Amino acid sequence: MDAEGQENFRQFVESRSSALLRTAVLLSGGDRHAAEDLLQNALIKAAGRWHRIEEPEAYVRQILYRQQVSRWRLKWPRRELSVPEPLDRPARHGADDDGPGAADLRIVMRAALARLTARQRTVLVLRYFEDLPEAEVARLLDCSVGTVRSTTHRSLARLRGMTPELAALGAVDAERQPSRDFSPAEVRP
């Protein structure tokens, strides 16, 4: 990679790594260390092809999704115990913070996502966090649209069964899909 390419890559990493890390945290079930590994591996792969990449963020996100798919397709999945950890940054106050209700929702949602299988979590993150249509999720995960629909349906049913407090907080209603008011800022790592 030439000097200009290195500078462009460095700027990309500085500007987009926090958003990419949020997605990786959700894909990894709230395990920040696994998310950092996932993102670092994706960035390493992107760096090797940087001069040929037209849309860097889309390329890196696709690597993240495919690496996560590879992890849950392993014959013997890694068995690790993830434990909750406190946030390592100060609380932010602004337009995306609507008080204790949002904090409660983030905590409950992160714990609920961590209890789903990797496949269920990946489908929900792509559908509702990344707001991708079913066809795009199917293409990214290399499966059929029907598989995405059924996995989404089963995942939401499992979320409702495991965490009735989500309905109380307004994130998941038993009669409809997750609220579109649930934004990426609500589950930031």
Quiz item: How many nm is it between the label spots at GLU136 and ARG158, if each spot is 7 Å from the Cα in line with the beta carbon?
Solution: 2.4
Quiz item: What nm distance separates the two modelled labels at VAL145 and LYS45, each placed 7 Å from Cα along Cα→Cβ?
Solution: 2.6
Quiz prompt | Extended-chain gain in nm, criterion 0.36 nm per residue less alpha-carbon gap, ALA111 and SER18 | solution = 31.4 nm
Practice problem: Counting only C-alpha contacts under 8 Å and six or more residues apart, can you give the relative contact order of region 5-71 as a whole percent? | Solution: 32
Quiz prompt | nm² value of the averaged projected area, convex hull over the Cα atoms of region 1-50 | solution = 3.2
Quiz item: Contour minus end-to-end for GLU4 and ASP104, with contour as 0.36 nm per residue of separation and end-to-end as the Cα-Cα distance?
Solution: 31.6 nm
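Where a number appears in this text, it was derived from the coordinates with a stated rule and is not lab data. Just so it is clear, the model here is predicted, and its values are computed rather than measured. Neighbour counts run over all protein chains shown; Cβ positions are idealised from the backbone, glycine included.
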